[in-house]
1. Can you compute the equivalent ellipsoid semi-axes for segment 547-674, i.e. the square root of 5 times each eigenvalue of the Cα gyration tensor, sorted largest first and rounded to whole Å?
2. Assuming R0 = 60 Å, can you tell me the calculated FRET efficiency for the pair Glu515 and Ile69, based on Cβ-Cβ distance, to the nearest 0.05?
3. Trypsin sites (Lys or Arg not before Pro) within segment 73-175: which are DSSP loop residues with at most 13 other Cβ atoms inside 10 Å?
4. Please give every one of the lysines within straight-line cross-link reach of Lys77, meaning a C-alpha to C-alpha distance under 16 Å, and leave out same-chain neighbours fewer than 8 residues apart.
5. Viscosity 1.567 mPa s, temperature 4 °C: Stokes-Einstein D of segment 58-156 from its Kirkwood Cα radius, in µm² per second?
6. Report the rotationally averaged projected area of the chain based on its alpha-carbon convex hull, in square nanometres.
7. Work the Kirkwood hydrodynamic radius out for segment 626-720: mean of 1/r over every pair of different alpha-carbon atoms, inverted, in Å.
8. Against the longest principal axis of the chain, how steep is helix 319-335, in degrees 0 to 90 to the nearest 10, with axes from Cα atoms?
Amino acid sequence: MSQQRLKQYLKQMTLNEKIAQLLQLAAPFYDEVGDAGQITGPMESLGVTAETVHNAGSVLGVSGAEKVISVQQSHMKHNKYGIPLLFMADIVHGFKTIFPIPLAMGCSWDIALAERSAEIAAKEAAVSGIHVTFAPMADLVRDPRWGRVMESTGEDPYLNSLFARAMVRGFQGSDLKNDKERVASCVKHFAAYGLAEGGRDYNTVDLSERQLREYYLPAYQAALDEGAELVMTAFNTVDGIPASGNRRLMRDLLRSEWGFNGVLISDWAAIKEMIAHGVAEDGREAALKAILAGVDIDMMTSSYVHHLPQLIADGIIDEALIDEAVLRVLQLKERLGLFENPLRGADPEAERQIVYCDIHREAAKELALKSCVLLKNDGVLPLHRNQKIALIGPFAQSGDILGNWSWNGSRELSAKLGQSMQTLSVSSVTIVEGCGIDQITEGQIQEAVTVAEEADVVVLALGESSDMSGEASCRSDIRLPEAQLRLVQIMKKLGKPMAVVLFNGRPLDLHGVYEESNAVLEAWFPGSEGGAAVADLLYGIANPSGRLSMSFPYAVGQIPVYYNHFNTGRPKPSEDTDEKYVSHYLDIPNAPLLPFGYGLSYTSFCYKHLSLSSDEIGETDTLQVKVEVVNEGKLSGTETVQLYIRDVSGEVVRPMKELKAFRKAELAPGESIEVVFDITEKQLRYHHSDFSFTSDAGQFELFVGPNSRDTMNAFFRLNK
Ligand code: GLC
């Protein structure tokens, strides 16, 4: 449909009909939609009429091919312009085939597989009637107390940017209008939601614009560079103004500086929440600030429907502001091909074939295999299939391994750890719960002790329930719950070899687990095939290859702790220093327990012969970095060779290390590979105090290694 035709709608629709296009309703409004179009949703709570609902622009959370077809057909009957409804939903890490949570995916460092996961998620969602997904979540995170770190890919802007791009490519493909197996991507939460003070959800975010641009914006920008169709506002303030009413952030930066002309949707009720924030006296002022900031869709409040007409009647705003917002919504519908085919990809028969099919589940298992991170191993892993195993813990046979934001997944159908291990074992795997998530009984203890005493190896399956992370699920104490720590202590006393598998949505404080165990495998929430993947890893059918994309703190008191930190003027010279007047704690180390990029393998890799093509480069030169990596172990394995750079002296302080490149290499026992990285001046640029994004001549230090801590280094100069 042409732009002209879309603009024709603006002329035909009344003001109220146009504003209704900016309203997003939730699923309950469409529970009982019949041919008569009787709307049974909580209209009174939202204060909207059936006529408004018939003119609504979009709905959140309705899915299922038959349901979507029914709602859309009813809607088209009652919308006198034949403008179709947009169906949106949170397809964050899978639709029904649930992939590992994004934080786990971030630990795979597998960009291609991330794209594949998004492509599969889009295919299942599209055939089930979804048009738009509220993903990727591109928020950079440094505080594991925040429950939503599970939705992010981690603490590094470069790695997050690569994943954000991959997810947009997977969701949208290259021809969104005609490829009915794709969905539009809505990158969120703009901006810097991950910096909520105290790691407490919805809390204040305050940072310099330079920090915002250097660390927190790159992944959103990457998603938009990749063509993401929508942006979602964050709940938080940015520089004292809630994102949903922040004209500098939305009009000046997002739309003018970055040139984004897609749909900007508020987060749930975020427009109305400006009243609670204290920047709007009432819904009218909230609506005014949001429309002036360029927010197009009001998610789940009726601020726009109730107040925009009067704001126009009072001459406070011009109707042109409404028209530009409505046009963007209509253009999105046009780019999705909805005017030609309002049902788009919804297809009950195809849905039955495609959703949760074997091929999709195999992809979910592959990503789970690559997302798990071996944090410790003294040799107790891999297990031998003829060993007698006692599998104990609340996750031994749990289906709660999908993680938050898996609303359409099935815990019942997911591959459980215990069953998967029993399938692989040629001896015995005895399964007992041992304790609940946060309670333990004498009976459970007795049963666990009995089973453990008869076993060769004890495997503890521990962690957080999935509702202990995700939205509004922040923790001040990020250790395992006391009951589980007690179980570890009791099992430790038996003196048996003990491996721990963790199912959790955030880096944990591993006091009470890490030292006590012979091995620790971080499984995160590994998704629909997670139990099968973990079992394969425990038995060595697959070799762990995950690398942490977020640091594990030594203790919650360290937070925020992240690898790309500044040096300060009084850096602590070493962890065992006795110098007092340096930046340190009296009671704990500065270093995290486990650093960004860290992860072990069942084999061992050795780094040799780091060399640079030159010790200086000009602006147009390429510095070639070579390193030899050898698999010195007895098993094949995949190493993630990481390259970091430090700008030794900048116009502003610069991080001790910044990830600039990485390469995954699968090596057979004894095999070696020469990994080559090309570094150019572009990779040395950063935001200066005047926000110019340029590099400085001077000395740089370069690091290569298996993680951000254990590296080989070299120096080079940039001449300008
Ligand atoms: C929630 C979340 C957001 C989600 C939206 C719709 O409050 O903040 O990530 O997409 O509401 O469910």
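1. 30, 23, 12
2. 0.60
3. Filter output for segment 73-175: Lys80.
4. Candidates past the 8-residue exclusion: Lys67.
5. The calculation lands on 87 µm²/s.
6. 32.8
7. It works out to 14.6 Å.
8. 60
The values are calculated or read from the model by the stated rules, or taken from the named source; none is laboratory data. Being a predicted model, the structure only gives us computed values, none of them experimental. Cβ: placed from backbone, ideal geometry, glycine included. Neighbour counts: every protein chain shown. These accessible areas exclude ligands, DNA and RNA; they are computed on the full protein's heavy atoms, side chains included. Shrake-Rupley method; radii C 1.70, N 1.55, O 1.52, S 1.80 Å.
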